[in-house]
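Engineer: This structure is in structure tokens; I'll ask about it shortly.
Bear in mind these aren't lab numbers, they're just calculated from the coordinates by the rules spelled out. Just so we're clear, the structure is a prediction, and the values are computed from it rather than from any experiment. Every residue, glycine among them, receives a Cβ derived from its backbone with ideal geometry; neighbour counts consider all protein chains shown.
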Amino acid sequence: MKYAFVLGRVYTLSVAELVAVLEKPDVSLGLTGAPVKVLESSPEVMVIESEAPINAEKMQRKLGGIIKILEVVDVVKKREADSVNFALKHYFKPSVLKKQFFKEYKGKVQFGLSIYLLNMDLLKGPVRQPGKESDFGHSNNIFSEPKRLGMMIKKGLTETGASVRLVLPEFNSLALASVVVTKNLLLQKGAEICILAGNDVVYTAKTIAVQDFEDYGRRDYQRPARDEKQGMIPPKVAQIMINLANCKPNDTILDPFCGIGTLLQEGILLGYKMLGSDINKKAIKGSEQNLEWFRNRYKISPGKYHLETADAREIPKLLAAQKVCAVVSEGTLGPIYGSYPKQGEIEQNFKDLTSLYQDCLKEFANLLPSKGRIVMCIPAYKKTRETYEMLPSLDFIKPLGYNLVDIISPNLAKKMKFLKLTDRSTAIYDRKDQVVAREIVIFEKI
Ligand SMILES: C[S@@+](CC[C@H](N)C(=O)[O-])C[C@H]1O[C@@H](n2cnc3c(N)ncnc32)[C@H](O)[C@@H]1O
């Protein structure tokens, strides 16, 4: 069986998380733990071959970095110069659509059409005369392809007497946003048909799960306590980090810089027990309020978390004999800036933080088992759109008994040249308006 995963904006992290989850055995998700077999990948989408059917809805809820999960229906050959429409001219017969794509539904059928690119060069399109359709079925603009294909499918269905409504991507976009798929009930009343377009092949696929954007919004903005000054990690990124920690259900994870508890709530939702601590009493009060709200909202049984007010360097002593599977934390990123700071300030911040991390890592080693992971964020100051000033060295972790883990294996990274990895094989999560981005690092106890 083939599945395609539509990647989030920070696609390197999406791929890292996806591979970590796919390669961990989990019967409830339909995963055997076999190495993931990647058939195709691009910054938009990753196609895999799976030995057994997956539980897509459950998997979707687990993955912070994945926007949609698609089931691949067919693979159709295409000449490099062919447009998607041309390649699929005879494919979407009403009988194929009804059998392979659409849900059985009594009322007016609603379907959407999205195109994802397996090769981003297709955006440039072939050389052709402006305004003229070429022999290979191209119009002027690749962005007209979903409409042309959608209309062709709609026409065929209407001719069979079916009542159909077509939902198309916004202007200058090739794919429907997940919110549009959900709001139009496409998966209940018809289908979202997805085309994965490559140079010499097109995959036809249908969406089988969509990220619940409303629930992520609730988990972020409806909590009683917020802390705009310290900043909060987005729930999706928290999920990604926890999924990179390599823990088993019911294991205990520690966030020693928990703030108002985003990682704690996401860890609980993913089935872990969470320990949270922070040096700031007010932050712990916020965590308490948020987790109480969260427990009621998501019907979480008691005893899934424990909170302490403590300096991260002291918390292992307070937890005494308690073992944790992993430490997952946003950590403190030092001062947050509105504009790029002076070089001297950056150097001082790195020095202070290295000293704090060193003390913490030394203590955390007492809590972690061998191979236990620390997944944390460290600051990366954004110099230009794509360049960052990063902590110059992570060599301090070695004498403390840790290795740095590649966020994506070198083998996979070699195949996926488009991934944005740092020179030390870590990845950066950033937002357009932020000067202090987060470098996500994984340390593993030797
Ligand atoms: C960026 S915030 C974490 C936000 C959290 N991830 C969330 O989403 O709410 C960093 C936190 O580290 C805490 N902190 C700073 N230095 C600390 C230390 N030495 N020990 C424990 N906590 C510390 C701060 O009080 C702050 O709440």
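Engineer: For a quick protection proxy, order the peptides 360-367, 183-190, 204-211 by their average other-Cβ count within 10 Å, most packed first.
Structural biologist: For the peptides 360-367, 183-190, 204-211, the packing ranking is 204-211, 360-367, 183-190.
Engineer: How large is the direction-averaged shadow of the alpha-carbon convex hull of the chain, in nm²?
Structural biologist: Result: 23.2 nm².
Engineer: List the chymotrypsin sites (Phe, Trp or Tyr not before Pro) in segment 257-333 that DSSP assigns to loop (not H, G, I, E or B) and whose Cβ has at most 13 other Cβ atoms within 10 Å. Which are they?
Structural biologist: Here the chymotrypsin sites (Phe, Trp or Tyr not before Pro) that fit, given the DSSP loop and packing criteria, are Y298.
Engineer: Next up: In units of 2.2 N^0.38 Å, what is the alpha-carbon radius of gyration of segment 2-211?
Structural biologist: Ratio of Rg to 2.2 N^0.38 Å for segment 2-211: 1.01.
Engineer: Per residue of segment 335-344, in order, report the coupling 6.51 cos²θ - 1.76 cosθ + 1.60 (Karplus, θ = phi - 60°) as ³J(HN,Hα) in whole Hz, putting x for Gly and Pro.
Structural biologist: 3J(HN,Hα) across segment 335-344, in whole Hz: x, 9, 10, x, 9, 4, x, 5, 3, x.
Engineer: What is the fewest-to-most order of C325, C194 by other Cβ atoms lying within 10 Å of their Cβ?
Structural biologist: Lowest to highest Cβ neighbour count: C325, C194.
Engineer: For segment 214-445, compute Rg over Rh where Rg is the Cα radius of gyration and Rh is the Kirkwood radius from the inverse mean 1/r over Cα pairs.
Structural biologist: Result for segment 214-445 is an Rg/Rh of 0.95.
Engineer: Could you grab the relative contact order for segment 2-211? Cα pairs under 8 Å, six or more apart, rounded to a whole percent.
Structural biologist: Reported as a whole number, the value is 28 percent.
Engineer: Per residue, what volume in Å³ does the Cα convex hull of segment 128-275 take up?
Structural biologist: 199
Engineer: If you look at just the Cα atoms of segment 44-83, how large are its Rg and its Dmax in Å?
Structural biologist: Taking only Cα atoms of segment 44-83, I get Rg and Dmax of 13.6, 39 Å.
Engineer: Out of all DSSP beta bridges in segment 2-211, what portion is antiparallel? Express it as a percent rounded to 5.
Structural biologist: Among the beta bridges of segment 2-211, antiparallel pairing accounts for roughly 70 percent.
Engineer: Using mean Cβ contacts within 10 Å as the protection proxy, how do 245-252, 273-280, 380-387 order, highest first?
Structural biologist: Put in order of decreasing packing, that is 273-280, 245-252, 380-387.
Engineer: Ok, one more. Excluding A427 itself, what net charge comes from residues whose Cβ is under 11 Å from its Cβ, given Lys and Arg +1 and Asp and Glu -1?
Structural biologist: Counting the neighbours of A427, the net charge comes to -1.
Engineer: Could you tell me how far the Cα centroid of segment 1-78 sits from the Cα centroid of segment 346-395, in Å?
Structural biologist: A separation of 30 Å, based on Cα centres.
Engineer: Tell me, what ³J(HN,Hα) does each residue in segment 94-106 have, in order and in whole Hz, if you take phi through Karplus 6.51 cos²θ - 1.76 cosθ + 1.60 with θ = phi - 60° and put x for Gly and Pro?
Structural biologist: So the Karplus estimates, Gly and Pro as x, are x, 5, 5, 4, 5, 7, 9, 10, 8, 6, 5, 8, 7 Hz.
Engineer: Here's a follow-up. Per residue of the chain, what 222 nm ellipticity follows from adding -39500 (n - 2.57) for every DSSP H run with n ≥ 4, rounded to the nearest 500?
Structural biologist: -8000 deg cm²/dmol
Engineer: Something else about it: Could you give the radius of gyration (one decimal) and Dmax (whole number) of the Cα atoms in segment 266-362, in Å?
Structural biologist: 16.3, 49
Engineer: Binning at 5 Å from 0, report for segment 321-369 what percent of all alpha-carbon pair distances ends up in each bin.
Structural biologist: Per 5 Å bin, starting at zero, the Cα-Cα P(r) for segment 321-369 comes out as 4, 17, 22, 18, 14, 11, 7, 5, 2 percent.
Engineer: About its Cα centre, how strong a charge dipole does segment 43-88 have in debye, to the nearest 20, once Lys and Arg get +1 and Asp and Glu get -1 at the Cβ?
Structural biologist: Roughly 180 debye for segment 43-88.
Engineer: Another one. Within segment 177-325, what percent of beta bridges assigned by DSSP are antiparallel, to the nearest 5?
Structural biologist: Of all bridge pairs located within segment 177-325, approximately 35 percent are antiparallel.
Engineer: Also, quick follow-up: Under a no-solvent Debye model with one identical scatterer per Cα of segment 368-419, what's log10 I(q)/I(0) at q = 0.19, 0.20, 0.22, 0.25 Å⁻¹?
Structural biologist: -0.96, -1.02, -1.10, -1.13
Engineer: Quick one: putting +1 on the C-beta of Lys and Arg, -1 on the C-beta of Asp and Glu, what dipole do you get for the chain around its Cα centre, in Debye to the nearest 20?
Structural biologist: Magnitude of the dipole: close to 1280 debye.
Engineer: Counting Lys and Arg as +1 and Asp and Glu as -1, each charge on the Cβ, what is the dipole of segment 2-211 about the Cα centre in debye, to the nearest 20?
Structural biologist: 840
Engineer: Let me ask another. Relative contact order, percent, of the chain when contacts are C-alpha pairs under 8 Å separated by at least 6 residues?
Structural biologist: With pairs under 8 Å counted, the relative contact order is 14 percent.
Engineer: When N is the residue count of segment 354-446, what does its C-alpha Rg come to as a fraction of 2.2 N^0.38 Å?
Structural biologist: Expressed relative to 2.2 N^0.38 Å, the Cα Rg reads 1.15.
Engineer: If you don't mind, there's one more thing I want to ask. Checking the table K77/K432; K89/K417; K62/K371 against a 27 Å threshold on Cα-Cα, which pairs fail?
Structural biologist: K77/K432; K89/K417
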